[in-house]
1. Would you give the gap between the C-alpha center of region 25-91 and the C-alpha center of region 93-121, rounded to a whole Å?
2. Considering the chain as a Gaussian network with a 10 Å cut-off on Cα pairs, which listed residue, Ala82, Ala173, Ala101, attains the greatest mean-square fluctuation?
3. Quick one, could you list the DSSP H helices from the chain stretching 20 Å or more along their long axis (Cα atoms) with average Kyte-Doolittle hydropathy of -0.5 or above?
4. Farthest toward the dipole's positive end in the chain, which of Ser186, Val320, Leu400, given Cβ charges of +1 (Lys, Arg) and -1 (Asp, Glu) about the Cα centre?
5. Could you tell me which of Ile26, Gly102, Met92 has its Cα farthest along the dipole of the chain towards the positive end, charges placed at Cβ (Lys, Arg +1; Asp, Glu -1), taken about the Cα centre?
6. With every atom except the alpha carbons ignored, what do you get for Rg and Dmax of the chain, in angstroms?
7. Compute from the Cα atoms of region 17-70 the Rg and the Dmax, the latter being the longest Cα-Cα distance, and quote both in angstrom.
8. For the chain, with only Lys/Arg (+1) and Asp/Glu (-1) charged at the beta-carbon, what is the dipole magnitude about the Cα centre, in debye rounded to 20?
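The values are calculated or read from the model by the stated rules, or taken from the named source; none is laboratory data. Everything numeric in this text was worked out from a predicted model, so none of it was measured. Note that we place each Cβ from the backbone using ideal geometry, even for glycine, and neighbour counts take in every protein chain shown. The protein model used for the area step is the full one, side chains on, heavy atoms only, and it has no ligands, DNA or RNA in it. Shrake-Rupley method; radii C 1.70, N 1.55, O 1.52, S 1.80 Å.
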Amino acid sequence: MKDLHTPHEGRHTSAPSESGNPWKWIPTLYFAEALPYVAVMSISTMMYERLGLSNAEIAFYTSMLYLPWVIKPLWSPFIDLAKSKRWWILAMELLIAAAIAGVAFTIPSPHFLFFTLAFFWLMAFSSSTHDIAADGFYMLALDPHEQTLYVGIRSTFYRIATIAGSGLLIMLAGTLETFTRRIAHSWSLTFYVLAAFFVSVSVYHIFHLPRPTCDRNLRAASASKLMKDFFLTFLSFLQKPQAFTAILFMLFYRLPEALLIKISNLFMIKPISEGGLGLSTQEVGFVQGTVGVLGLTLGGIIGGLAASRDGLKKWLWPMVWSITLPDMVYVYLSYFQSQNFLLINVLVFIEQFGYGFGFTAYMLFLIYYSQGEKQTSHYAISTAFMALSMMLPGMVAGDLQEAVGYFQFFLIVMGCCLATVGVAFLLKINPEFGKKRTS
């Protein structure tokens, strides 16, 4: 997400040499940006399941952790009031490392739920603040050409971190469970490994993050003025053409996925007798965190290529069907409870590929709607609505699943696909948006 208050938007005051060697810091910066988000949203879900929480508790508590990403536009202007973005990046990475270590330390305690949730909240707020500073720093440290050149690199390493977190780290925890036969101890060790990594990243960035001269805190602007600017920006966001339709689209296009994402891992690891697939922790980490993320990434790449060639309007409906129809794989898996591991991997790959391809339309529409004088700020507000669209359905997903069972739950998810179709039908998009320009 881009920084809401970007005083340098539309101009660039740092010299290209001030970026140093971008290969020395862009991969590690965006790897570090992704991992805490994955820890809060994905790893925590598996951890709490293994520690004995119900699906309703897991879905509610972990969905509430979306809140810092929902409200981060409220405090992003204040990042400029004190210290540089480089300082914020380093400080938040150390705070994230401390929060991860706090989770690791309190997992074996009798009151682990209260303490681990408190540290996950700290991690979430630190991570969302790190997002603001990192994305703002990216725009300050690089000239416009370099920003375009390295955008694919930052996205690639963000995806690699997603695989490392939701795949390899969960597989590590599962392997430790097998060898130690102590579930809490195994997850505690896994989080200690993650904390040690973050400490090393922070130390690395102390020496390798550049120091662009334009990365200075702005003391001239007061907090009250920044808040006034924010509310004026939000008002201008609501006054844009098709604002009501756009907000509906932001909130409901991903409704099926918002329900599905909180339950899919739990469904896979639950025993056959409880309606699940009975996979081990390692197997779930491989299916969702490796095969699934690869499908998601490939679908996103192909979606981006398609939209860049022919425009968003032409590809909107193929993307709508792509993000909805593959959810049927969970209806199939919950009905037959297949034990064929290869088949499970293939079906999850298909579903995640479809989601990655269809999600392209969502992200492109956020860019499309944010166009104009305050593009950066409007995009930040749009992504806040995106986080809200995942938080609210996720909070009730567990209660709904426990009330009706897995098979009926996944049927309800398919029914919610009508919301995706409905809000897409309301959109009006310029046919030229996203098309490759020809000379």
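1. 13
2. Ala82
3. Working: long enough: 85-106 (31 Å, 1.35); 112-141 (41 Å, 1.18); 144-163 (29 Å, -0.03); 183-208 (38 Å, 1.27); 223-238 (23 Å, 1.03); 255-269 (23 Å, 1.46); 293-310 (26 Å, 1.14); 341-370 (43 Å, 1.43); 375-404 (43 Å, 0.63); 406-426 (31 Å, 2.09).
Flagged H segments are 85-106, 112-141, 144-163, 183-208, 223-238, 255-269, 293-310, 341-370, 375-404, 406-426.
4. Farthest towards the positive pole: Val320.
5. Toward the positive end, the furthest listed residue is Ile26.
6. In Å, with Rg to one decimal and Dmax whole: 21.5, 67.
7. My reading of the Cα-based Rg and Dmax gives 16.3, 53 Å.
8. Numbers: 29 positive and 25 negative charges, 188 e Å.
Dipole size: approximately 900 debye.
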